[in-house]
Amino acid sequence: MVRVRDGDQASFGLLLEKHRSPVVHFLHRMVHNRAVAEELAQEVFLRVYRSRENYEPTAKFTTWLFRIAMHLGLNWIRDGRNEKFHDRLDDETSDGASKQVPDRSRTVELELVYQAKLREVRQAIESLPSKQRAAVMLHKYEELEYTQIANVLSCSESAVKSLLYRAYESLRTRLAHMA
Amino acid sequence: MRWRNSILAVIAAAAALTLVPPGLAQGKRGGMNRAPRAGDPGGKRGPQTPIDEFETMSPEQRQKALNRLPPAQRDKLQKRLQKFNALPSEQQQSLKNLYNRLHQLPPERQESVREAVSRFSEQSPQRQQAMREELQNMTNLSGEERQGRMDRSEFRKRFNRKEQGIVRDMAPLLPAQ
Amino acid sequence: MYCPLKNGDGAEVVISYVAGTLDAETDSEFQRHMGTCPKCRDAVAAQEALWSALDAWGPVPVSPDFDYKLFRRIAEEERGQWWRSLAWPQWWWRPAMPVAAACALLAGAFLLRHPAPTISQEAQTQPKLEIEQVEHALDDMDLLRQLGVEAISDKASPSEKI
């Protein structure tokens, strides 16, 4: 990002290559709609690009990136537009086929089992309070460190540990039958 | 009043036509087509990477290929190529060898290697060096020996589980013995 | 090693262990401790089961034209900046509505009358190598450079014995 700030355009492409998928995946888990997630992710990178001249490497770049993503995701959810665009958790098209890309290496039966499991996991995470949900997504799926998560969520590191402890405990209870 | 609005409308419409975004006017390109980066199971490409192929095209063919990109992306690509070609030739060749080994793997394996390298780059320099040395030490081992080494407790003592995962996932980049 | 579950930091150690983020020494120590502590073993097993269940929620693929759309937005924004700097006088605002509608209609008519070349038409004139392949190759090269290429060279080097 420092190279982007200093005028190296090619480095922006590298940043995009590295962080595109994680940002889209994070936003998709927040907003549950792929098109919206990509739209928001584009906005994240647009903001990064716009801010390039003023960038100061005071913290890890990923922390800043996910802060922007979190902010945009929460704004979108709070705006209340999510009701119209929200993919239903059962995520089915009109002909009954699941929108989640099926793995062709699985049998139909296994695929159904997998989709049911996926629905349960999504519902379980969705049932968490928003900060716990965000902490789990950043910790489990984006593999951020505690300090980074604290920065993104604007809380202390010990608060993050507490959030994660409570979140995982709830999830363990709810998903115990999957063990 | 009406005629003035009509004239304004025509003027503004003419202006709008000149401002149609190039992407729209040129229609769908498909852009950076993220088709799966399939390996080369048939060995058709041989040791040549797409960069080698590009460099050996005629100037006209190269320009034709580049012209498919929007100007900003074209400039960016040309600068990146210049940067790559400015590397010492030994380093270029090492990278190309790594690239070819990566692309001999099935697509899912390629993705897991890429993710592992990404995770690797996020570790501290000291831990990167430790993992790098471990890979270096495994260069001359057979696949089985490498696996055996990574199963031993000494390996688990030297690296935490995340690092163990990174080393395991990057091991396919090592040359076959 | 003291039992983490008996002290205040048990949950954190278990979570970090399963996530693979403990430092090597603590990781190793905790593994040894688990050999003698069924409570910690059970806690780890439960967390590992959860971790595995959460893995079911895998990532969705990103659209192939994500980058293209982003660069287009950037280009449009940069183009829009000099256009806005012309500073339209305020009285232009009034006829804006019919003007905007006319713009949209005429722009649409223009596009319909001058359809873009189809991808298949373009494909016929393409060189065999896709330029995107070159971009992807460079992406991979940049990624692999992070490894410190000399470390994984093809040259033979004596293996350090463990």
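When residue B:68 is tested against (1) at pLDDT below 60; (2) surrounded by 14 or more Cβ atoms within 10 Å (Cβ to Cβ), just one condition goes unmet, and that condition is (1).
Residues in the range C:27-68 that are surrounded by fewer than 18 Cβ atoms within 10 Å (Cβ to Cβ), assigned to a loop (DSSP other than H, G, I, E, B) and touching a Leu at 6+ places or on another chain (Cβ under 7 Å): C:56 only.
Sub-7 Å Cβ pairs linking a first residue in the range A:151-165 that is under 12 Å from residue A:136 (Cα atoms) to a second residue that is among the acidic types (Asp, Glu) and part of a helix (DSSP H, G or I), at least 6 apart or interchain, are A:161/C:12, ordered by first then second residue.
Determine whether the range B:84-91 contains at least one residue that is under 23 Å from residue A:139 (Cβ atoms) and modelled with pLDDT of 90 or more. The answer is no, given that none of the residues of the range B:84-91 is under 23 Å from residue A:139 (Cβ atoms) and modelled with pLDDT of 90 or more. The one condition from (1) more than 10 Å from chain C (Cβ to nearest Cβ); (2) crowded, with 17+ Cβ neighbours inside 10 Å; (3) in contact with a Gly (Cβ under 6 Å, 6 or more places away or on another chain) that residue B:104 does not meet is (2).
Results for (1) out of contact with any helix residue (DSSP H, G or I) (no Cβ under 6 Å at 6 or more places or on another chain); (2) in contact (Cβ under 8 Å) with a residue 40 or more places away in the chain; (3) aromatic (Phe, Trp, Tyr); (4) more than 7 Å from every other protein chain (Cβ to nearest Cβ), shown as yes or no for each residue.
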| site | (1), (2), (3), (4) |
| --- | --- |
| C:18 | no, no, no, yes |
| C:26 | yes, no, no, yes |
| C:30 | no, no, yes, yes |
| C:48 | no, no, no, yes |
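Entry remark, the range A:103-145: residues being under 19 Å from the mean Cα position of the chain (by Cα), free of Cβ contacts under 8 Å to residues at least 40 places away in the same chain and part of a loop (DSSP other than H, G, I, E, B) number 3 in total. Residues that are farther than 24 Å from residue B:97 by Cα and basic (Lys, Arg) were ranked within the range B:52-75; the one that is nearest to the chain's Cα centre (by Cα) is B:74. Beta carbons closer than 8 Å, at least 6 apart along the sequence or on distinct chains, never pair a first residue in the range B:121-146 that is facing chain C (nearest Cβ under 8 Å) and free of Cβ contacts under 8 Å to residues at least 24 places away in the same chain with a second that is among the aromatic types (Phe, Trp, Tyr) and assigned to a loop (DSSP other than H, G, I, E, B).
The values are calculated or read from the model by the stated rules, or taken from the named source; none is laboratory data. Predicted model only: the values in this text are computed from it and were never measured. With ideal geometry, Cβ positions are generated from the backbone for all residues, glycine too; neighbour counts draw on all protein chains shown.
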